[in-house]
Amino acid sequence: MERDLSLIETWAWAIVWQKMEGSGMKHVSQHSDDADSSEMERAAAIAADSHEPHGESQLLADLIRRSAEGNAALMRGDVSSYRAFIPHSDDFVLMSPFGGAPTHAADYTPERLDAMGRFFKNGTFKQEIVQSYATADMAALVTIERAHVEVGDLPAQDWALRVTLIYRRDGPNWRLVHRHADPLVHGVTLEQAADLAHAAPTPGQEG
């Protein structure tokens with residue numbers, strides 16, 4: 001039974017992704033202008049603090065804090081604050097928990113960002129740090145993300161992800177260059193992993 005539930009949970013992510021791409025995003029985030037303004041100001045203050053010269057441990061503490069604050073905002077549907085806390089690089093690449101082709105920075109049009117804000121609603125977020133690394137110009141966070149959130153047309157439920165975040169220094173700023181997430185916190189069997197890993201046909205080789 002536990003193995004069956006793990007497979008069901010994994011495939012649930014694929015179903016949610018399909019809803020996000022095709023349902024029209026019926027949920028709309030509900031926040032007051034004052035709350036959004038306060039969140040944006042706090043994001044700017046945290047981001048500004050991380051620009052100051054400091055040691056590796058303080059840098060990681062700042063990035064961990066910004067990552068948690070930004071993703072918490074996203075789970076509430078507040079994309080503006082998410083982007084303020086976690087600015088993306090021009091060459092940002094996302095490997096989402098739903099699989100499929102990687103998403104690039106150019107894919108995040110204003111329409112897509114608006115859709116993200118409608119996709120998540122009334123969520124709470126916790127971030128567990130598994131490991132963190134930093135050099136003068138790069139930093140990596142390995143985390144478990146746990147959210148309780150309404151996603152698409154689904155009722156509020158728990159979501160857990162294994163996540164790797166890569167940040168790169170950009171002048172005085174730090175920007176997210178890569179996010180890789182998967183829903184395999186609870187694990188699957190070898191047979192289930194094999195089913196999930198069946199590769200899609202490459203272009204020109206279908207059929």
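Placing unit charges on the Cβ atoms only, positive for Lys and Arg and negative for Asp and Glu, gives segment 91-189 a dipole magnitude near 200 debye about its Cα centre.
Tell me, what is the FRET efficiency for Q58 and N173 to the nearest 0.05, using R0 = 22 angstrom and their Cβ-Cβ distance as r? Mind dumping the intermediate values first?
Values: r = 16 Å, r/R0 = 0.71.
Calculated transfer efficiency: 0.90.
Ranked by the mean number of other Cβ atoms within 10 Å of their residues, highest first, the peptides 106-116, 143-153, 75-85 come out as 75-85, 143-153, 106-116. Probing with 1.4 Å while keeping every protein chain in the model, the per residue accessible area of segment 90-207 equals 56 Å². Along segment 158-163 the Karplus relation, 6.51 cos²θ - 1.76 cosθ + 1.60 evaluated at θ = phi - 60°, assigns HN-Hα couplings of 7, 10, 10, 9, 8, 9 Hz to successive residues, with x for each Gly and Pro. Taken about its Cα centre, segment 126-179 carries a charge dipole of roughly 260 debye when the Cβ of each Lys and Arg holds +1 and the Cβ of each Asp and Glu holds -1. Using a probe radius of 1.4 angstrom, the carbon and sulfur fraction of the accessible surface of segment 80-207 is 55%.
Considering Cα pairs under 8 angstrom that are at least six residues apart, work out the relative contact order of segment 57-157 and quote it in whole percent. Present the calculation step by step, with values, prior to reporting the outcome.
On the way: 141 pairs, mean separation 26.5, N = 101.
Contact order relative to length: 26 percent.
Reported value for segment 87-200: 150 Å³ per residue, from the convex hull of its C-alpha atoms.
The values are calculated or read from the model by the stated rules, or taken from the named source; none is laboratory data. Here the structure is a predicted model, which means the values were calculated and not measured. Glycine gets a Cβ as well: all are built from the backbone with ideal geometry, and neighbour counts include every protein chain shown. Surface areas here come from the heavy atoms of the whole protein model, side chains and all, with no ligands, DNA or RNA. Shrake-Rupley method; radii C 1.70, N 1.55, O 1.52, S 1.80 Å.
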